[in-house]
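What follows is a short report on a single structure.
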Amino acid sequence: MTEVTKIPPNGTPTWLDLGIPDHHRAMEFYGAVFGWQFLEGPPETGNYTMCLVRGKPVAALMKNPDADATEFWWNLYFATDDCDRTVERITDAGGHIPLPPMDVMDQGRMAIGIDPAGGQFGLWQGRAHIGAEIVNEPGTLAWPELVTAQPSAARDFYAAVFEFTLENTPGDLDYTVLRRPDDRPIGGIHGEPSATKSEWLTYFEVEDVDATVARATAAGATVVRPAHDTPYGYLAGLDDPFGASFRIIRSAQPG
């Protein structure tokens, strides 16, 4: 298990949230899938609802502010110690900013960026809210992955913005591991020529992939990638009842 007790280094995937039409329905679904408990925020926060593991926040759900939205996805936020400066680096590297930096009460400062390949992501400069307080254990973030038909542009961009180093994995799969300056792997870029959009996908750790798939489909999920073994773990792909995609994985143990 990994508990996070302080603001993580720049470029670390630090938070996840999902805006959907019915956050109560989403609470029912994700509670059934991951066993999350919830702390629902007041209407003035958009009912921003913390998803809890052992009482600690690991992600959030909220009612989508766009009543006309038809597409929904898990938003991934990267840690930054200077949101405004990182926004400058994003634009310098060819990205753009649909939501400029803004303070979120005393919790932190955020912005939304889009990379040159079209992948959307967030920035989080933590203050009172440091981000996810548990990772890499059941029901929490295990790995984020950008799936894109333009991997070269994405690789150049994220290396420039966050000073990631790039590690190409062996084999036929076009896959690049992103490493922080301290050499810690934090995510991947999957080059997929058939991808119709660039999208950051979230992998949630689970104890039992097949049992989680069964709970998820009973609660309204659709299987988009059947469970299968990989060198990195046993995993499956799901769409939630609103069409938001995510992955579940029982990570392989080192050695």
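The values are calculated or read from the model by the stated rules, or taken from the named source; none is laboratory data. What you are looking at is a predicted structure, and each value in this text was computed from that prediction instead of being measured. Neighbour counts run over all protein chains shown; Cβ positions are idealised from the backbone, glycine included. Quick note on the areas: whole protein, heavy atoms, side chains included, nothing else; ligands and nucleic acids left out. Shrake-Rupley method; radii C 1.70, N 1.55, O 1.52, S 1.80 Å.
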Given the conditions (1) assigned to a loop (DSSP other than H, G, I, E, B); (2) touching a Phe, Trp or Tyr at 6+ places or on another chain (Cβ under 9 Å); (3) over 30 Å from residue 250 (Cβ atoms), every one holds for residue 128 apart from (2)
When (1) farther than 24 Å from residue 238 by Cα; (2) part of a loop (DSSP other than H, G, I, E, B); (3) of a type in the set (A, V, I, L, M) are applied to residue 69, the one that fails is (1)
Given the conditions (1) within 20 Å of the chain's Cα centre (by Cα); (2) not in a helix (DSSP H, G or I), every one holds for residue 158 apart from (2)
Scanning the range 72-84 residue by residue, those farther than 24 Å from residue 23 by Cα and either open to solvent by 70 Å² or more (accessible area, probe 1.4 Å) or outside any strand (DSSP E or B) (or both) turn out to be 80, 81, 82, 83, 84
Residues of the range 85-96 being open to solvent by less than 40 Å² (accessible area, probe 1.4 Å), touching a strand residue (DSSP E or B) at 6+ places or on another chain (Cβ under 9 Å) and either in a strand (DSSP E or B) or not β-branched (Val, Ile, Thr) (or both), in sequence order, are 95
Being in contact (Cβ under 8 Å) with a residue 40 or more places away in the chain and crowded, with 17+ Cβ neighbours inside 10 Å narrows 61, 52 down to just 61
Per the list (1) assigned to a loop (DSSP other than H, G, I, E, B); (2) within 14 Å of the chain's Cα centre (by Cα), residue check on residue 203 breaks on (1)
The residue that is surrounded by the most Cβ atoms within 10 Å (Cβ to Cβ), considering only those in the range 219-243 that are in a strand (DSSP E or B) and in contact with a helix residue (DSSP H, G or I) (Cβ under 6 Å, 6 or more places away or on another chain), is 236
The number of residues in the range 116-175 that are at pLDDT 95 or above, surrounded by fewer than 16 Cβ atoms within 10 Å (Cβ to Cβ) and among the β-branched types (Val, Ile, Thr) is 1
The residue that is surrounded by the fewest Cβ atoms within 10 Å (Cβ to Cβ), considering only those in the range 1-34 that are out of contact with any strand residue (DSSP E or B) (no Cβ under 8 Å at 6 or more places or on another chain) and of a type outside the set (Val, Ile, Thr), is 6
Reported set for the range 97-115 where residues are part of a loop (DSSP other than H, G, I, E, B), open to solvent by 20 Å² or more (accessible area, probe 1.4 Å) and either among the acidic types (Asp, Glu) or touching a residue at least 40 places away in the same chain (Cβ under 8 Å) (or both) is 106
Over the range 8-49, the set of residues among the aliphatic types (A, V, I, L, M) and closer than 14 Å to residue 75 by Cα is 16, 18, 20
Return yes when residue 216 is within 20 Å of the chain's Cα centre (by Cα) and assigned to a loop (DSSP other than H, G, I, E, B) and no when it is not. no
The correct count of residues that are part of a loop (DSSP other than H, G, I, E, B), more than 24 Å from residue 69 (Cβ to Cβ) and in contact with a Ser or Thr (Cβ under 9 Å, 6 or more places away or on another chain) in the range 2-49 is 5
